[in-house]
Amino acid sequence: MTKPSPETKAEFHGLSKSQKRAVLGGKNIFLSACPGAGKTTSVAARVAAKVRKGKRLALLSYTNVGAREIASATVHGYGIALDDQQFVGTLHSFLFRYLVRPFGHLVTGADRPLTVDNEIVQKLFPEKLKSDDFKYNADRTLRYVGKGTRRPSDETKARDARVRAAELGFINHDDTIEIALWILQDHKEIAAALASRFDEIIVDEAQDTNASTLACLRELHDAGLKSLVLVGDYDQSIYEFTGASPDKCDALAKHCKLKRRQLKENFRSSQAICNVTAKVRGAVKPDIAAGPYKDLGIAPILIRYRTEDVSLLPELLQKFVDDFGLDASSKSVLVHSRITGEKIRGASRPQIPRNFAPLISAATAANLTQEHYRELESLLLRRAFDKPPTQLELDKSKLRNSAARLLSGFAPFEGTLLEWATKAVSAVDEAASALLVPGTSLTGEQLLAPPSWSEFEASSVEAEDQDGVLVDTIHGAKGMSIDAVMLVAEVGNSYREQARSWASALADPIAKIDSDLRLGYVGLTRARQLLVLAVPESTRPDVMALYASAGFAAR
C-alpha cells in the first residue's frame, strides 16, 4: 500500500488515523465502510487529494444524491470543487454519456445518436404488450418480467419491436446498461479509450449495483483502467429487488484484485448500540464506537405493540427520549412498507419529502444552528446546478449569503402547508438563482410539494416537528444518522414475519445474511443515541428470548 505523504496527512486533519490509512494513497481498492463510518467525508478526502494532483475522476453512485453528497463534502470540507475534467453522477448517466449516446448506433444499427424515451418505445410495441415488461438477458435475448404469463410468440414480438425502436434511435431507460455492455464487449478500442479517459473510477454504494453494471465495470478494468475504487457494505445491500447483487460485486472485487480496506470506527452510534447490532448481524465483531455518543450506555429497547395501536408508536418513542433525558433533535419511526407508515402517521400527519425537511426544520427552529445553514447551502446547490459546480461557478461567500438571505426571507409558517411551501419554493429558487452566472437558468433538482398538503395546516406540522418524530421507510432513511430510532417489525404483509427474520442470525450466528435481515440491519444501525425495536404482540416467546440474549432490554 502506498502511504500518504506527511503533507497530505496534515491537509486532512479532520480524519481519524484509520480513515487516513483507508482512503489516502494506493489504487484499486474495495473500501468496506461500516454504518456511521464517515464514509462520505472519507471518500471526499480521497477525491480532494486526487483532484489537487490533477487526476481525472469519475465519481459514481446508485443515485444522484449519493454522488452529489460526496462532491458537496469535497467542496465544504476541503475547498475543492470538481471541474469538467471530472464526472459526477449515476452509473446509468455515466454509461449513457460516454458509451450509449455516442456509440450506441454501432450495436443497434441506428443512423442517429440514441435517445432514452420509454413512451416512443411503447408506441412501437404491439397492443396489449408493455415494453417495460421485457428485459434483456446476458445473451441479448429478451425475457418477460411482468406479472402473469405470456405466449412464446409475445417475446418474439417484443424483441422485434425493441429492435425496431433502437434502429430508429429510441431505447428504454433500462436498455442503457445492456447496450453499454454490448459496446464494451464488441468494441474493445472504445472500452480502452474510455478506460484511459479517467485516472480513477470511484463507485459509491457499490453493493447496490446490478449485475450488468458490474459487468461494464469489469470490461473497463480489463481494458486498462488505472484504478477502480468500490465503496460499500454488503450488509447494507437492500435493493435486490432492482437486481443488486452483493455476491457479484464481491466477484468483481476479486477479479480486479482490489485491495480490501476497512472503516470500522462508527462515529454515529453508541457502543451499546454497536454491540447489539453486531449480534443481530451474526458472527461479527462489533464496530468501534468513536463518535460523541460512544459511551452513552443506554441498552437498545424491545417492546411489543398491538396492530390496532400502531399510531401510538411515535408518542411512545418520544416518551422514551424524555424518560432518558436525551437531547435528540432527530427522531424517526422506521418501517418497511409505506402502508404501515400511513397507519402510524395517521390521516392528520402529512408525509414530508426529504428535500423539504431542511426547509421546515429551519422555518420552525427556535434557534438556528450551523447545521441548518449547511443543509440549506446543500439544498441551494442541488437546486441551482444539475451537477456540482466548478471552481469558477462556486463562490462560497455568495453561497453563505444566499442561505442567510433565504432564512431571513422565509414566509411565516402559517396557513395551509401547501401555501407556505409555494412561497418557500419561490424563495429557494430566488436564492439559488443568485448563485448562477447572469443569463443562465436553474438546472438542478426542483422542489415539488405534494398536492395533499392543501389539506394540512402548517401549525399542525410545526407541532409535529416540535415533537420531532418522523415516520419514514427504511429505504428512505438509508445513509442517515438519527438520534432516536424505533424500528417496527411489521405484520399483515407479503414479507416473512420480520421479527423472526431479523432474529435469524441470533439463532444461527454463522448463517448467511439474507435480504430480509439486511433490511432490518440497515434500520437498526441508523440510531445514534437510542434504539427501540417494536415487534408485534404475537411474536413468539423464543424469538423474544433471542433478542434479550443479544442485549435488548424488554419493556
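In this simple spin-label model, placing a label point 7 Å from the Cα along the Cα-to-Cβ direction at both THR440 and LYS226 gives a separation of 2.7 nm.
Size descriptors for the range 222-274, from the alpha-carbon set: Rg then Dmax equal 14.4, 47 Å.
Other residues whose C-beta falls under 11 angstrom from the C-beta of SER441 contribute a net charge of -2, scoring Lys and Arg +1 and Asp and Glu -1. Calculated [222 nm] ellipticity per residue, helices only, for the chain: -12500 deg cm²/dmol; basis is -39500 (n - 2.57) per DSSP H run with n ≥ 4, divided by all residues, nearest 500. Residue by residue, the range 268-274 carries 3J(HN,Hα) couplings of 9, 9, 6, 5, 4, 6, 4 Hz when phi is fed to the Karplus relation 6.51 cos²θ - 1.76 cosθ + 1.60 (θ = phi - 60°); x denotes Gly or Pro. Residues MET486, MET544, MET480, arranged from fewest to most other Cβ atoms within 10 angstrom of their Cβ, appear as MET480, MET544, MET486. Using the alpha-carbon positions of the range 1-152, Rg (one decimal) and Dmax (whole number) come out as 21.4, 66 Å. Assuming a ≥ b ≥ c are the square roots of the Cα gyration tensor eigenvalues, decide whether the chain counts as rounded (a/c under 1.5), prolate (otherwise, with a/b larger than b/c) or oblate. Rounded, since a/c falls under 1.5. Between ASP309 and GLN122, the modelled labels are 4.6 nm apart [label points 7 Å from Cα along Cα→Cβ].
Segment ALA511..ARG338, full-extension length gain: 59.3 nm, with 0.36 nm per residue of separation and the alpha-carbon distance subtracted.
The HN-Hα couplings worked out from phi for the range 19-27 by the Karplus form 6.51 cos²θ - 1.76 cosθ + 1.60 (θ = phi - 60°) are 5, 4, 4, 6, 10, 9, x, x, 8 Hz, whole numbers, x standing for Gly and Pro. ALA251 sits among other residues whose Cβ lies under 13 Å from its own Cβ, and their net charge, with Lys and Arg +1 and Asp and Glu -1, is +2. Backbone amide hydrogens, once placed in the peptide plane, bring ALA289 within less than 5 Å of ASN266, excluding anything fewer than 5 places away on its chain. Reducing the range 516-555 and the range 223-273 to their Cα centroids gives an inter-centroid distance of 25 Å.
Taking only the C-alpha atoms of the range 356-455, Rg followed by Dmax gives 13.5, 44 Å. Rounded, prolate or oblate, given the Cα gyration tensor of the range 48-116, with a/c below 1.5 counting as rounded? Taking the square roots of the gyration eigenvalues as a ≥ b ≥ c, the range 48-116 is prolate. By the beta-carbon count within 10 Å of each Cβ, the least crowded to most crowded order of LYS248, LYS331, LYS396, fewest first, is LYS396, LYS248, LYS331. All Cα-Cα distances of the range 115-168, cut into 5 Å bins from zero to the largest, leave 4, 20, 35, 26, 12, 3, 0 percent in each bin in turn. Residues whose amide H comes within less than 5 Å of that of PHE170, counting only those at least five positions distant or on another chain, are THR115 (H built at 1.01 Å from N in the peptide plane). Across the range 31-45, rounded Karplus estimates of 3J(HN,Hα) from the backbone phi angles (6.51 cos²θ - 1.76 cosθ + 1.60, θ = phi - 60°) give 9, 8, 10, 5, x, x, 7, x, 4, 4, 5, 5, 5, 4, 5 Hz, Gly and Pro being marked x. Tell me which of LEU530, PHE552, ILE513 sits at the most positive position along the dipole axis of the range 490-555, charges placed on C-beta atoms (Lys, Arg +1; Asp, Glu -1). With unit charges placed on the Cβ atoms, the residue in question is LEU530. Spin-label model, ARG150/ASP132: points 7 Å from Cα along the beta carbon direction are separated by 1.4 nm.
We did not get these values from a lab; they are worked out from the coordinates using the rules stated. Note that the structure is predicted; figures quoted are calculated from it, not measured. As a convention, Cβ positions derive from the backbone with ideal geometry for all residues, glycine included, and neighbour counts pool all protein chains shown.
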